[in-house]
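Working notes, beginning with the structure itself.
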Amino acid sequence: MYQALYRKWRPRTFDDVAGQEHVTETLKRQVALERLSHAYLFVGTRGTGKTSCAKILARAVNCESPADGNPCNECPSCRGIENNSILDVLELDAASNNRVDDVRALLDEVVYTPASVKKRVYIIDEVHMMTPQAFSALLQMLEEPPEHLVFILATTEVHKVPATIVSRCQHFSFKRIPADVAAARLTKIARAEGFILEDEAAGLLARLAEGSMRDALSLLDQCSTGGDIGRERVLSVLGLAGESRAVRIVSAALDGDAPLALKTLDEVYSAGGDMTAVVGELSRLTRDCLVTKLMPRGGEGLLSGGYDADMIDALSRKASGERLYACLDALARCAQDISRGLGGKLASELCVIKLCE
């Protein structure tokens, strides 16, 4: 049975986790020195490694022969935790286990020492979705936890987690994964899977993932059904306009040339381009132009990296910062209109006309 790349290549040790060295190095030292906290809070956007690190930490604290803070993944404890046969390590999704009764059921279990491992570990994903009553019950456990218990809470919206919970946890913030780090990992995985991923295509996939390694692997999976992957294949499979057409649309719009802008948009649509993806592409390009306009010096590090810097500079000279901001606002409204069900082509055409005006 085929296994999705993001599942097949989930990190199994802290050293495998990409772009989160500030988190993994600390956790490795804590495991090696046996200076573990009773509760951890992992915060970050989707696909940055929160759940992966939680599972690695659950194995590392129970590993029979850890190596420099990493689990060996070979001992009975590691294998049992990995295949979910050891019930002392439990992963819960707070989206479906958010009631106070669910948490009280845990309260009844935590008093018992683990049967086959050193520590009983509870991983609670999307913890911000718990009800206030469930948070109150969880707080009781965090205030006086048994020595054999470790909680690992993960969330994408830490502002929804009560301060009383946050203050009782060691707080780790997971950063968005840099595009160059994600691209390097995609290239390595593609090579291991037996196909070639060109550097330009890897960079494009990494930028489209917007800091999420899981999204980057899902996009790679989507493009990998036909052998080697180049930039044109990524554009074709994902329904993107491509650099030249996106530049032509924005350039024509800033020149006020509505016929050329609409004709180019129609070419993209006829070639199978997804209008949501195309509007996103135009937004990234317009945003890069605005950044260049506002920061002619020192703004290179803020650019998306998907377009030539000289070309962006030339485009930004065609309009004022106020007009570029208005264009970006119109594109954002267009994306909302498409998400609400207004026809993608119609919404995109109306938006392009607004850009030209």
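Summary of values
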item	result
Helices (runs of 4 or more DSSP H) enclosed by region 1-119 - at least 3 residues per element that are outside the structural domain of Asp215 (by TED's automatic domain parsing) and surrounded by 16 or more Cβ atoms within 10 Å (Cβ to Cβ)	21-33, 50-62, 76-82, 100-110
Residue list for region 248-271, filter: touching a helix residue (DSSP H, G or I) at 6+ places or on another chain (Cβ under 6 Å) and buried (at least 21 other Cβ atoms within 10 Å of the Cβ)	Ile249, Val250, Ala252, Ala253, Ala261, Thr264, Leu265, Val268
Of the criteria (1) farther than 30 Å from Leu219 by Cβ; (2) hydrophobic (A, V, I, L, M, F, W, C); (3) touching a Gly at 6+ places or on another chain (Cβ under 6 Å), which one Cys78 fails	(3)
Evaluation of Asp255 against (1) touching a residue at least 12 places away in the same chain (Cβ under 8 Å); (2) touching a strand residue (DSSP E or B) at 6+ places or on another chain (Cβ under 8 Å) (one fails), failing number	(2)
Condition check for Glu143: surrounded by 13 or more Cβ atoms within 10 Å (Cβ to Cβ) and on the phi < 0 side of the Ramachandran plot	no
Number of positions in region 54-81 that are within 23 Å of the chain's Cα centre (by Cα) and in contact (Cβ under 8 Å) with a residue 60 or more places away in the chain	4
Subset tally (residues that are closer than 15 Å to Ala252 by Cα and either of a type in the set (Asp, Glu) or at pLDDT below 90 (or both)) for region 299-323	8
Count - residues of region 182-205 that are crowded, with 17+ Cβ neighbours inside 10 Å, touching a residue at least 24 places away in the same chain (Cβ under 8 Å) and not small (Gly, Ala, Ser)	7
Residue in region 348-355 that is out of contact with any helix residue (DSSP H, G or I) (no Cβ under 8 Å at 6 or more places or on another chain) and part of a helix (DSSP H, G or I) present	no
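The values are calculated or read from the model by the stated rules, or taken from the named source; none is laboratory data. It should be emphasised that the depicted structure is a prediction, and the values quoted were computed from it without experimental measurement. Glycine also receives a Cβ, built like all others from the backbone with ideal geometry; neighbour counts cover every protein chain displayed.
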